[in-house]
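Right, one structure below, let's go through it.
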Amino acid sequence: MEPKPIDWEKLASIIETHRTRKWNLIPLLQEVQETFGYIPPESMEPIAEALNMSPAEVQGVVTFYAGFSLKPKGKCVLKVCRGTACHVKGSRSILRFVQNELGLQEGETSEDYQFTLETVACLGACFLAPTMMVNKNYFGRLNPTKVSSVLNQYGKSKEDDGSP
Amino acid sequence: MKKLTSIGQVEWLRNKILADSGKGKTQVHVCMTGCRAYGAEQVRDALRDEVEKKGLSREVEVRSTGCHGFCAKAPVIAIEPLGVQYQEVDPADAPEIVARTLVNNQLIERLAYKDPKTAKPVFYRNQIPFYMKQERRVLANCGRIDPTRIEHYLAADGYKALVKALSRMTPEQVIEEVKASKLRGRGGAGFPTGLKWGFARQTPTFPKYVICNADEGDPGAFMDRAMLEGDPHAVIEGMIIGAYAMGSEYGIIYVREEYPIAVEHLKLAIAQTEALGLTGENILGTGFNFHLSLKMGAGAFVCGEETALMASVEGKRGMPRPRPPFPAQAGLDEKPTNINNVETFANVPLIIKNGWEWYAQVGTENSRGTKIFSLAGKVNNTGLVEVPIGATIREGVFDIGGGIPKGRKFKAVQMGGPAGGCVPAQFLNLPLDYDTLQRIGAIMGSGGMVVLDENNCMVEIARFFLSFTQSESCGKCAPCRLGTTQLLEILTRITRGDGKIEDIETIKSIGQTLTEASLCGLGQACPKPALSTLKYFLKEYEDHINEHRCAGAVCDSMVISACQHACPAGIDVPNYVAAIAKGNYQQAVDIIRERNPFPAVCGRICIHPCEFKCRRGELDEPVAIRALKRFASDWYFEHMGVERDPYPVTREEKIAVVGAGPAGLTCAYYLAKMGYATTVFEAQPLAGGMLGISVPEFRLPRQVIEEEVRYIENSGVKIMYSSPIDANHTLNDLMKEGFKAVFIASGAQASKHIGIPGEAEDCEGLYYGLQFLSCVRTGGDMRLAGKTIVIGGGNVAMDVARTALRCGAGDVQVFCLESREEMPAWDKDVEEALEEGVVLNPSWSPARIFNKEGKISGMSFTRCVNVFDQNGKFNPECDLDDTQFVDTDNIIISIGQAPDMSFLPEDSQLERALWGSLAVDGNTLATNVPGVFAGGDFTTGPTFVIRAISSGRRAALAIDKYLSGDQTRIYIPDEKTVCEQDTGLALEEESTEARARVKIEMEAPEKRIRDFREVEKGFSAEEAHFESRRCLRCDLEKRGD
């Protein structure tokens, strides 16, 4: 399956709202990321042009921050927390379990663009450890059974927007 | 809401809100931040529906609030003004809560907090221990107000401080007030906030910027998140006051995008302040302008560093730059900039509103006020905690945190994340303040406290942090870029079992370079997790490198299954448990005997380190490994008996063992198995050593020891009873008699004395622990009458107390220096003693023994405040004003044992260790005299039987190597048994809920204290079968590696 084609008009209108505004590269990129799920590499040149900088500078910023991705992501982005509290409570095993269940390694997206598997340094939900986030929802005190049920919850809703 | 154009209008609005809020209304506060992951939203909606259905909307308000702090019991709700807190609430509970509590003021026990010891319900929040030791100042509104509604904040005296600053204080006065409060930066470094503001004010360039650093990236920290989610206006008010003081017109909150709720609440809050005119142009008609905006981070930990943060705000890569110039001179856009942490700003309104005198009432000399900590990891009450600066770490972890789950041992608390260090148990009594933590190699940091227990590996923790800093290093400066990579590589190597002993020095040297040469705090502080674990847990590093042992049993390369690795003797637990599951009981015992010739003894009294590491314990409860071992070995002796063919003697060399205790007999057994003729010399007429002397009959029947000893004798070990090695028959004599090697394992059987007044006098009624136990055990006349005091907090003291009860003592009270958590006695023994009626008096130091005409009459004690000093040394500190005198008829002193060295002649060439025993090589147990080895309690001091057994087997291997001329080190890896058992994984079969651990039957306390019958009963075959199938077979995960 192919990722959704880019809506160039939409991209252009996002870029327009930020044109020549000071310090706006990151907010612009965040909006693009939020809208398309990634930063289409083709968008870097028009972005650079709009903010009067070189495409190299834009690429430098895009690749520096973990929050930006140059590859399209799945509908459901799973972020398995690898923070300290989760780590001491066995998040490594949780990550392995998720990897096996989805057949994905960290940073990979499934062929049908349903799931992307990521790890995150800390979700700040240490009291729920071990924890993970699917899109904007938190799931805590995970064990293999619970992870399976969460994955099922998201796997079954392939047609909608990825919320449970 | 209309814009407020004057100071007076704020108070006018506040009065109006208070009048409208309908005082007297019952409020139900539902946490809608952290608890949301547990369905708090559904709980809130169910409560709202129910309130509406019952027509109570005018009397009851169901309010969405921020975090209540007690995240461990989410979802949490509070009912005000009753002060009631309910926990783990389900939407289905709503009708009952409304009908009973809201309408009839009845309390619901099921939803209340339960005291973990007594299981009694605690209904009122201010009586829950988690809250009792806290001082919730900054968090006062968190969990009470709806963070999305500025009216709630105003009703709770919000923006009063701003009004006071704008109307009655000059900017200089504000700065002076903050200086006087001794508020220090809560982001971690602890720089005095007032001073920092002063610098920013002095720089004459405009515009100036105020930035709130809400890029909380430290793994393990979530206090800023809770603050922003639960009370965002407090932070904003602090920022506006700061901006007023410094003369700044622009503010930016830089927040992590991974915190969606915080972002949402901040956006709302900023819009509300703009609408009310609390930010923007000409604030409240005072002419002061302040424009506040929100910037979201894009996922880079280094952006928490102030210069990197500013680069990121400017839209560049978030890389730090050298300082000076400091941000106060040239920061954002080269303009003066002041950056403070979320919590720092949240403290400011309190200082301005209440005055610095009030604020400084709590805290330490150098830093006043409170600090919020996020408590996480291996602790019962995870959550958000606010304590006065200077509270002890123990208060945080144990009093508030409720200690470590599942009866495991505390190992360390990681403070300050990747820039911090690990604080070991000996420092639990230290105060939590910036300077103390810095001194011991940790930092206050942003306040993350991640508790680690015995199942964590410190090398792996260091590796974990380095893998974090390595991937987050921005790469600008070489020391950090290369240093983190090298450190990570070395640490990874050690956890993989490929470490070299030189690695330890290399880590230190790279660490020092990083600290001195890195550009920013990330690099300078990143070696701390490695250096602090190296400092306090060096042995774990050495064990990984030299012995391939991982104390936490987590490092994959050296661990087949955690239970086997945790066992000092390295028994292949999963396979013998599987053998029991398949009904192969004899094979189960064979597997145990590959590493331990005392299965029936250990099945009764082993402290089972295996069970504390059992992975099943992470799901529900660990497999009852010890009881299974007892079941199999009892079956064995019942059906197979003690007979067996002796191992054939295939070696010429004869070997002597001194002492027929567990260490000596184990050594002899494995030597016999290797083909050596082995003779054990025992001073007593009975074998078993400490097992037969100090372990009471009701825990370990004599018959069990006899059976194990007979079996060992039958396998070819010769025991010479009543044959002491002493001046009449010396070690030299043994050598002359043709023994090629000797293993000394004569135990630690001399009771220690306290050395207090009255002890030296020879009184009737004064006994020492071991002497007392052995007298009872060997059938001596030992009847006690009247009150009996036992001194000591260890296992022997517990055995003494329980034996005393059975010897007729009417009333037994134990006094020990340690607090209940610090007592070295095994929890199971303490609990059984308590059940039997023994009274425990922890934290009392013995002061004096009194007698009347040669008969014990009483004893006095002083209160022991701390057993260990601030350096973690044993150095009891007493409160001399807190004393007590107790009448008693008997005193049994049981404060520890030492080896009895009297059998060795003074002029022996054997080298002594510091505490009086022999000095031995830790790996080979060899003394300085070739051919003489020593181990067991004799060299280590009193410890647990399984350690003595492992020491005995080590000695056997060492002696074999010695006699074969092999000079390599002893290496005892975990090994798979040859009798591998194939059973499926429990997880694949059925759900875990239906398979709770089988309870071990006990004799009733009132019956068992009448005589010396065995207290614990064994499993039946059905129970053993069921229990053994609970094993998850983690060992099979590694098959084919």
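What follows draws every value from the coordinates through simple rules; no lab data is involved. This is a predicted model, so every value here is computed, not measured. All Cβ positions, glycine included, derive from the backbone under ideal geometry; neighbour counts span all protein chains shown.
Which angle from 0 to 90°, rounded to the nearest 10, does the C-alpha axis of helix B:232-246 make with the longest principal axis of chain B?
That helix lies at roughly 60 degrees to the long axis.
When the chain is fully extended, how far beyond the present Cα-Cα distance does residue B:839 get from residue B:586, taking 0.36 nm per residue of separation?
86.8 nm
Starting from the alpha-carbon convex hull of region B:491-553, give the projected area averaged over all orientations, in nm².
Approximately 4.2 nm², given one-decimal rounding.
Binned at 5 Å from 0, what are the whole-percent values of the Cα-Cα distance distribution for region B:622-688, short to long?
All Cα pairs, binned at 5 Å, distribute as 4, 15, 16, 17, 20, 16, 8, 3, 1, 0 percent.
Sort B:166-174, B:762-770, B:593-601 by the packing proxy (mean of other Cβ within 10 Å over each peptide's residues), most packed first.
B:593-601, B:762-770, B:166-174
Hey, what did region B:835-983 get for relative contact order, percent, Cα under 8 Å, at least 6 apart?
12 percent
Normalised by the number of residues in chain A, what is the relative contact order in percent for Cα pairs under 8 Å and 6+ residues apart?
20 percent
How far is the Cα center of region A:22-59 from the Cα center of region B:561-636, in Å?
Using only Cα atoms to place each centre, the spacing works out to 61 Å.
Using only the alpha carbon atoms of chain A, find the Kirkwood hydrodynamic radius as the inverse mean reciprocal pair distance, in angstroms to one decimal.
17.0 Å
Mind pulling the angle between the C-alpha long axis of helix B:40-53 and the longest principal axis of chain B? Nearest 10 degrees, somewhere in 0 to 90.
Tilt of helix B:40-53: around 60 degrees.
Identify all lysines with a Cα-Cα distance to residue A:75 below 25 Å; exclude those on the same chain that are fewer than 8 residues away in sequence.
Within the straight-line limit of under 25 Å, residue A:75 reaches these lysines: A:4, A:10, A:136, A:146, A:156, A:158.
Take peptide B:694-703, look around each residue's Cβ out to 10 angstrom, count Cβ atoms belonging to other protein chains, and average those counts.
Counting other chains' Cβ atoms within 10 Å and averaging over B:694-703 gives 0.
Ignore the peptide's own chain and count Cβ atoms of other chains within 10 Å of each Cβ in B:34-40; give me the average, rounded.
Counting other chains' Cβ atoms within 10 Å and averaging over B:34-40 gives 4.
If you only keep lysine pairs separated by 8 or more in sequence, or across chains, how many in region B:1-160 come under 22 Å at the Cα atoms?
17
In chain A, once you exclude exposed GluC sites (Glu not before Pro) (DSSP loop, at most 13 other Cβ within 10 angstrom), what's the longest stretch remaining?
For GluC sites (Glu not before Pro) (loop position, at most 13 other Cβ atoms within 10 Å), the longest site-free span of chain A is A:1-105.
Could you check how many percent of all C-alpha pairs in chain B are farther apart than 42 Å?
Roughly 49 percent, rounded to a whole number.
Tell me, Kirkwood radius of the protein assembly as shown from alpha-carbon pair distances, in Å?
33.4 Å is the Kirkwood radius here.
Counting only DSSP beta bridges with both residues in chain B, tell me the antiparallel percent, nearest 5.
45 percent
Ordered by residue, what ³J(HN,Hα) values in Hz, to whole numbers, does region B:259-270 give under the Karplus form 6.51 cos²θ - 1.76 cosθ + 1.60, where θ = phi - 60° and Gly and Pro are x?
3J(HN,Hα) across region B:259-270, in whole Hz: 10, x, 5, 4, 4, 4, 5, 5, 4, 4, 4, 5.
Quick one: which residues, 5 or more positions from residue B:221 or on another chain, have an amide H under 5 Å from its amide H? H modelled 1.01 Å from N in the peptide plane, none for Pro or chain starts.
Amide H neighbours of residue B:221, under 5 Å, 5+ apart: none.
Contact order normalised by length for chain B, with contacts defined as Cα pairs under 8 Å and 6 or more residues apart; what percent is it?
9 percent
Note the angle between two axes, namely the Cα long axis of helix B:503-517 and the longest principal axis of the Cα atoms of chain B, as a number of degrees from 0 to 90, rounded to the nearest 10.
Tilt relative to chain B: about 20 degrees.
Which far-off residues, 5 or more places away or on another chain, put their amide H under 5 Å from the one on residue B:135, with H placed in the peptide plane?
Placed amide hydrogens put B:386, B:387 under 5 Å from residue B:135.
Going by C-beta contacts inside 10 Å, put B:917, A:54, B:518 in order with the fewest on the left.
Ranked by crowding around the Cβ, least crowded first: A:54, B:917, B:518.
Count the lysine pairs in region B:174-267 whose Cα atoms lie under 21 Å apart, taking only pairs 8 or more positions apart in sequence or on different chains.
Lysine pairs satisfying the spacing and distance rule in region B:174-267 number 4.
Round to a whole angstrom and tell me the spacing of the C-alpha centers of region B:114-161 and region B:416-446.
Here the two parts' Cα centres lie 27 Å apart.
Partner chain Cβ atoms within 10 Å, averaged over the residues of B:218-231 - can you pull that number for me?
The per-residue average across the peptide is 4.
Show me B:82-89, B:294-301 ranked by packing, highest mean number of other Cβ atoms within 10 Å first.
B:294-301, B:82-89
Label region B:395-470 by shape, choosing from rounded, prolate and oblate, from the square roots a ≥ b ≥ c of the eigenvalues of the Cα gyration tensor; if a/c is under 1.5 it is rounded, and otherwise prolate applies when a/b is larger than b/c, oblate when it is not.
oblate
In nm, what is the difference between 0.36 nm times the number of residues separating residue B:901 and residue B:18 and their Cα-Cα distance?
Value of the extension gain: 309.9 nm.
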